[in-house]
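To start, the structure under review is shown below, and the notes come after it.
The values are calculated or read from the model by the stated rules, or taken from the named source; none is laboratory data. The shown structure was predicted, so the numbers you read here are calculated from the model rather than taken from an experiment. Note: ideal-geometry Cβ built from the backbone for every residue, glycine included; neighbour counts use all protein chains shown. Areas reflect the complete protein model, heavy atoms only, side chains present, ligands, DNA and RNA absent. Shrake-Rupley method; radii C 1.70, N 1.55, O 1.52, S 1.80 Å.
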Amino acid sequence: MSNISIVQKRKKGIETKRKVLDVSSSMFAINGYEGVSVRQIAEKANIKESSLYNHFKNKADILETLFDEFIKAVPETRPSLDEVDEMLKLMGPEEVFKNILFFVGKSVCGTLSNISMIINNEKFRNGRAADMYYRYLINEPSDYYECIIRRMIERKMIKPINARLVAEQYNYVSLSLTQEYIMAQYGLADTDAVVGYMVKTLNFFCEILKN
């Protein structure tokens, strides 16, 4: 086999694996993990079931791979803290949070939003999903917002406040609204209404933070 053929075969394999992951994420999000079979995934991906097993051991392996992708992608769904520091030099608290909100909105789409829905739905019956939920949807973003709020307090941009509590409360509301935003992507909610309430919530919390 020539080098070109090897490269083409490898490229096709990567594309097939990507297609299986994208298809699976959508099917798991809509129908639930238990409601989808490997055969259905293969049919939707337009490949033979035997070909799917060239890339994944089983359905559980597909789910684990999706979870691993989510872990790697989470930090990229928000501006880095260094980027936030630059924002703090030029913007007030409300503008900073709005920039973060719109950054997240652009990032949460496609397979990533599907995985978020899977985690949210499967956390009641899957220990790994429950751990993912608390670690990456609750604790990690709360840590992020707490750090930002503390930096705002240090710069005297907002009044001294319980940064952790505010961060957790803000994140819980944001998480709920993000889930509604994802529902809107499936035509199950009104996108404009959800975004409008996100901004309204952001303004509410920023009012609480004012000096």
Requested in this report: Those residues that are over 24 Å from ILE153 (Cβ atoms), in contact with a Phe, Trp or Tyr (Cβ under 9 Å, 6 or more places away or on another chain) and surrounded by fewer than 17 Cβ atoms within 10 Å (Cβ to Cβ), I need them from segment 67-101; list them, please.
Outcome: ILE71
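Out of ILE115, ILE138, report the one residue that is surrounded by fewer than 16 Cβ atoms within 10 Å (Cβ to Cβ), in contact with a helix residue (DSSP H, G or I) (Cβ under 8 Å, 6 or more places away or on another chain) and β-branched (Val, Ile, Thr).
Answer to the check: ILE138.
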Report task. Examine segment 8-25 for a residue that is in contact (Cβ under 8 Å) with a residue 24 or more places away in the chain and open to solvent by 100 Å² or more (accessible area, probe 1.4 Å), and state whether such a residue exists. Result -> no
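Within segment 146-173, track down each residue that is in contact (Cβ under 8 Å) with a residue 60 or more places away in the chain and part of a helix (DSSP H, G or I).
Step one: list which residues in segment 146-173 are in contact (Cβ under 8 Å) with a residue 60 or more places away in the chain, which gives 147-149, 151-152, 155, 157-158.
If the condition is that a residue be in contact (Cβ under 8 Å) with a residue 60 or more places away in the chain and part of a helix (DSSP H, G or I), then CYS147, ILE148, ILE149, ARG151, MET152 are the ones that fit.
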Query - Matching residues, segment 179-211, being free of Cβ contacts under 8 Å to residues at least 40 places away in the same chain, within 24 Å of SER25 (Cα to Cα) and either touching a strand residue (DSSP E or B) at 6+ places or on another chain (Cβ under 9 Å) or polar (S, T, N, Q) (or both) - result: THR191
Requested in this report: State whether one or more residues within segment 194-208 are hydrophobic (A, V, I, L, M, F, W, C) and either open to solvent by 60 Å² or more (accessible area, probe 1.4 Å) or assigned to a loop (DSSP other than H, G, I, E, B) (or both).
Outcome: yes
